[in-house]
Amino acid sequence: MDRKNLIVGQSGGPTAVINSSLYGIVKGGRDQAEVDRIYGMVNGIEGFLKGQVMDFDVALPGEDLETLKYTPGAYLGSCRHKLPENLDDLAYKQIFASFHDMNIGYFVYIGGNDSMDTVSKLSRYGERIGSDVRILGIPKTIDNDLVKTDHTPGYGSAARYVASTVREIVIDANVYEKKSVTIVEIMGRHAGWLTAASVLARKYSGDNPLLVYLPEKAFDTEKFLMDVEHAFDKNCNVVVCVSEGIRDEKGTFICEYENDVCTDNFGHKMLTGCGKYLENLVRSRLQVKVRSVELNVNQRCSTAMLSAADQKEAMEAGAFGVKAAVQGETGKMVSFIRDSEKDEYVLNYGLEDVNEICNKEKPVPVSWIAESGNDMTDDFIQYAMPLIQGVVSLPLDDNGLPLFAYRK
């Protein structure tokens, strides 16, 4: 048998389970007779172009691999590197020459929208030159905005973190019998999936957060102020959850009202500050006690709120992708398929053409947003609740702190 080597990379923003997918890939690769050695790209395709590669048999031999399942961040390191649009660029020739020199037969890339763009370009170049390297994508993003899949690994754990943290904030906000507003700013540039998860924090109808705003609906500051005033009729302590990317009917981000906004390497606006803007607006117009909280990076890196369902699916997605590559699939992304005919939550795995996924975004269905524009419907709750289930017991070190895998 002509055995080939497998190489895997991670790209984009990390999640609580991106390393669970990495675990699934490496363990799945070790179980495949067709796979010889397994290598990791250090800092994604950008690092690979610089020759930065590690060997898993050296770095995480045997049972040492198990720690990946509980480790946040991106063990291999990440990047936000956009490959050239022109497939005649020398970068592609360099990448495939390295594949040849390393006897690579399988390339698996874990990431979100922009990472699937890398998978698309490499698979198209490989087809052009008649390469036998099989190129697969494993979905990853807390934003849950990839098309052609029911949801993405990383979203369930992030949603669980958001719901749990918002519930804690609600308890904290309710200690005084004096009007107050707490504004929680949650990640989400164009899609409000994470902010929507804040409604899972409620214990009963009419519980906080009383107001939830997503980018999928135009945001009106005057209506927002009226919403807050009406919410005081239900609770003197009002908790509001907003996506960082909320924008008005003209498409202007609310955070742009008073701030300069930079862009990243992909041209995406780097958003921050809508919570602070709304805090100042409420203080000046309603004259009540108000504060804003930005959940920030913990939404994607916390393993304290790791969803067992999310971890399991991330691992299985990685193993499924390796098996598909060995069987000859290329230019595909592993997809999640929910069995809608079953009363209980049942998930299956499939493959989708990566060219139909990259550079597209999946918004929260407008039908899942209440007509008022400031709440979610039961359809969303039924969709999201299975994804946050299950507790993961983290291994601890001698000091009682989580035991993570560290790349040397």
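The values are calculated or read from the model by the stated rules, or taken from the named source; none is laboratory data. Computed from a prediction, not measured in an experiment: that's the story for all the values here. Don't worry about glycine lacking a Cβ; one is built from the backbone with ideal geometry, like all the others, and counts go over all protein chains shown. Ligands, DNA and RNA are excluded from the accessible area calculation, which covers all protein heavy atoms including side chains. Shrake-Rupley method; radii C 1.70, N 1.55, O 1.52, S 1.80 Å.
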Is there a residue in region 78-91 that is within 19 Å of Thr141 (Cα to Cα), in contact (Cβ under 8 Å) with a residue 60 or more places away in the chain and touching a Cys at 6+ places or on another chain (Cβ under 8 Å)?
-> no
Applying the selection to region 364-397, what residues are among the charged types (D, E, K, R), surrounded by fewer than 16 Cβ atoms within 10 Å (Cβ to Cβ) and over 25 Å from Pro72 (Cβ atoms)?
-> Glu371, Asp378, Asp379
Could you figure out which of (1) touching a residue at least 40 places away in the same chain (Cβ under 8 Å); (2) open to solvent by less than 20 Å² (accessible area, probe 1.4 Å) isn't true of Asp143?
-> (2)
Per the list (1) touching a Ser or Thr at 6+ places or on another chain (Cβ under 8 Å); (2) within 13 Å of Ile183 (Cβ to Cβ); (3) modelled with pLDDT of 95 or more, residue check on Lys276 breaks on (3)
Restricted to region 119-141, and to residues that are within 17 Å of the chain's Cα centre (by Cα) and not charged (D, E, K, R), which residue is farthest from Ile18 (Cα to Cα)?
-> Gly137
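One line per residue, one yes/no per condition, for (1) in contact with an Asp or Glu (Cβ under 6 Å, 6 or more places away or on another chain); (2) more than 18 Å from Val282 (Cβ to Cβ); (3) surrounded by 24 or more Cβ atoms within 10 Å (Cβ to Cβ):
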| site | (1), (2), (3) |
| --- | --- |
| Val181 | no, no, yes |
| His190 | yes, yes, no |
| Ala196 | no, yes, yes |
| Ala201 | no, yes, no |
| Leu211 | yes, no, no |
| Leu225 | no, no, no |
| Lys234 | no, no, no |
| Asn237 | no, no, no |
| Asp248 | no, no, no |
Quick one: in region 213-223, which of the residues that are of a type outside the set (Asp, Glu) and not in a helix (DSSP H, G or I) is surrounded by the most Cβ atoms within 10 Å (Cβ to Cβ)?
-> Leu214
Residues in region 334-376 that are of a type in the set (A, V, I, L, M) and in contact with an Asp or Glu (Cβ under 7 Å, 6 or more places away or on another chain): how many?
-> 7
Might you let me know whether region 101-118 holds any residue that is closer than 30 Å to Met376 by Cα and among the aromatic types (Phe, Trp, Tyr)?
-> no
Considering Ser131, Ser98, Ser123, which residue is open to solvent by less than 50 Å² (accessible area, probe 1.4 Å), more than 30 Å from Val391 (Cα to Cα) and touching a His at 6+ places or on another chain (Cβ under 9 Å)?
-> Ser131
Only residues in region 185-211 that are under 15 Å from Thr165 (Cα atoms) count as the first member; pair them with residues that are among the aromatic types (Phe, Trp, Tyr) and surrounded by 18 or more Cβ atoms within 10 Å (Cβ to Cβ), Cβ under 6 angstrom, at least 6 apart or cross-chain, and list the lot.
-> Ala196/Phe380
Some residue of region 144-164 being farther than 20 Å from Tyr70 by Cα and either assigned to a helix (DSSP H, G or I) or small (Gly, Ala, Ser) (or both) | yes
